[in-house]
1. Within the set of other residues whose C-beta is less than 12 Å from the C-beta of residue 448, count the net charge using Lys and Arg as +1 and Asp and Glu as -1.
2. Angle check, please: helix 225-236 long axis (alpha carbons) against the longest principal axis of the chain (alpha carbons), in degrees 0 to 90, nearest 10.
3. Can you divide the C-alpha Rg of the range 111-191 by 2.2 N^0.38 Å and report the result to two decimal places?
4. Take peptides 158-167, 310-319 and line them up by average Cβ neighbours within 10 Å, highest first, as a rough protection proxy.
5. Computed from the mean reciprocal separation of all distinct C-alpha pairs, what Kirkwood hydrodynamic radius does the range 28-73 have, in Å?
6. Of the GluC sites (Glu not before Pro) in the range 86-123, which ones lie in a loop per DSSP and count no more than 16 other C-beta atoms within 10 Å?
7. Can you pull the semi-axes for the range 182-250, root of five times each eigenvalue of the Cα gyration tensor, sorted largest first, whole Å?
8. For helix 483-494, report the angle its Cα long axis makes with the longest principal axis of the Cα atoms of the chain; keep it between 0 and 90° and round to the nearest 10°.
Amino acid sequence: MSAIGQFYSLLGTVRVARFRLLHHRPSLDRAIGHLERSAAGLPVGHPDRPLNLATLSNCLLWRYELTSDPADLDGAVDRLREAVAAPGLPPRERAAHHGDLAAVLRARFVLYGERPDLDEAIAAATDAVEHADDPASAITNRALARLARYELTAGLDDLLGALHDARTPVRGPIAAALHRGMRLGVLVDALGSRYQYTDDPEDLDAAISAGREALATLSRVDPNRAAYATELSLVLRLSDDPARHTEAVEAAEEALRDSPPEHVDRAYRQSTLSMALLARHLSTGDRDDLRRAREMAGEALAAGTELNRPMLLQRAGLMAARWFDVTADPAAPAEGERAIRAALAATPAHHPMREALAVQLADLLMRNPTATTRPAANASPADEARPDDGARQAEAREILLAAVRRPGPALSMHSALRAARRLSELCAETGDAENALLGYRHAIELLPTAAWPGLRRAVRESRLAEAPRATDAVALALNAGHPEEAVELLEAGRSVLWSQQLDLRTDLTRLRAAAPDVEGRMNAIRGWFERPSVAGREATSGSPSSPARRGAGRTTPESPTAR
């Protein structure tokens, strides 16, 4: 029996080599058939069986990438789990198979969106990093899995861990050829995500440079080129530079051209193009870009899967809101409202995107507060459209109140400030002074976190400028008969940067006497916080500075304290 298994293993290996050399799909199918027969012919415990199963798993994964057949992906996971569980397998070989298992589990997470696959992938990759002879592949796979889990949970530990793994040096020309591109891809995503915490232009520039380098490492016919072009487009559109927005559109168009209609990521790439076009429209005012963005967002929504449907619906709602702002099309707010309600219905209760969707819905409700309430498509003729009678404003108020009162960082900092500002504006407009004060009070309480000292000075000032003005809060508090609260709000809102600067100047004499090493570290951190801004350095050198993008951070980025 084992001789037959070894014979089919040899045949399978030959077919795999032919497929890798010629990209000949029938050779891959025959390789999978031979390796399946080999696995059936090699008894459990045979020393060749784990390697045979790992090779079979790789073949199934390659075929999944060609066909998007979930059965192949599930089979790839099952075969590698068998290989890892083989009795008598040396620890180093088991660790190597764990590294491969991490890659396959992450691919399956992308398909099904199940958190346990990611957790298992990270645990498997960590074992491989610690025990494999060559951990390069495992480090790459762990970086990818950590980044995917960060995007699912918004956990900063995963974001910083992905950055650390992606920056681990790759040694040797072969390892560099295999892993450099993928690690650059992780850097693009991770630095782009961190930029949304920090607004630090160095993070954005580094992400764009990594994306361009990753794209330059690939030939025009490389099957991974479209994925890297998509990631480059995502970070380019975060810039304030219209030239970069055009580059973002071009990169997204290239990715879409290289994605056949049946490709599993085509809808996501259509959506990426729509967002790049929207970014260029916002910087140039070109209405044709907005029209194309809206059309592309609709095509992406029609072609998308259940897994990415909430994100596609959210973007469709964003396009509708902007279309209304530009054209005053009375149907646009209702269209956006339907999209966001559908996105909320499709989003799990504790998903980090859910609260932002609710605030977006409130924003749409406030855009057209006098709209009529239209009957549902299946309503009876008697259910005519009728005036809203303030129901939309009331719903918006309840959504914003819930967002402001919810404890913990359910929203990004940008969304939390926007919710507080919108609540204060809406309630002040309707004469609800108490809830308007609640919105102002919450916004002012967020200011020290929004402008925390780890950010560059220009970014901190920009975020404070976007927040509700303390003077408006004071005027409202005085009109409502709360002079004591007016004084407190004024002091809290006007002295954020000054209070933080005073905190940095705390006397460390006693600490130096008790723990000079700690005192030295504290002084190093002070120096990091007081580093000159990019704009300041550019002003000194005579080069033009780039304005900071609007903030969307949640908590703190990597800094000297995050070691």
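1. 0
2. That helix lies at roughly 20 degrees to the long axis.
3. Normalised Cα radius of gyration, the range 111-191: 1.04.
4. By packing density, highest mean first, the sequence is 310-319, 158-167.
5. This gives a value of 10.9 Å.
6. Those satisfying the criteria are 114.
7. In descending order the semi-axes read 20, 14, 8 Å.
8. Value to nearest ten degrees: 50.
The values are calculated or read from the model by the stated rules, or taken from the named source; none is laboratory data. Small disclaimer: the values here were computed from a predicted structure and weren't measured. All Cβ positions, even for glycine, are placed from backbone atoms using ideal geometry, and neighbour counts span all protein chains on display. In case anyone asks, the SASA skips ligands and DNA or RNA and just uses the protein heavy atoms, side chains included. Shrake-Rupley method; radii C 1.70, N 1.55, O 1.52, S 1.80 Å.
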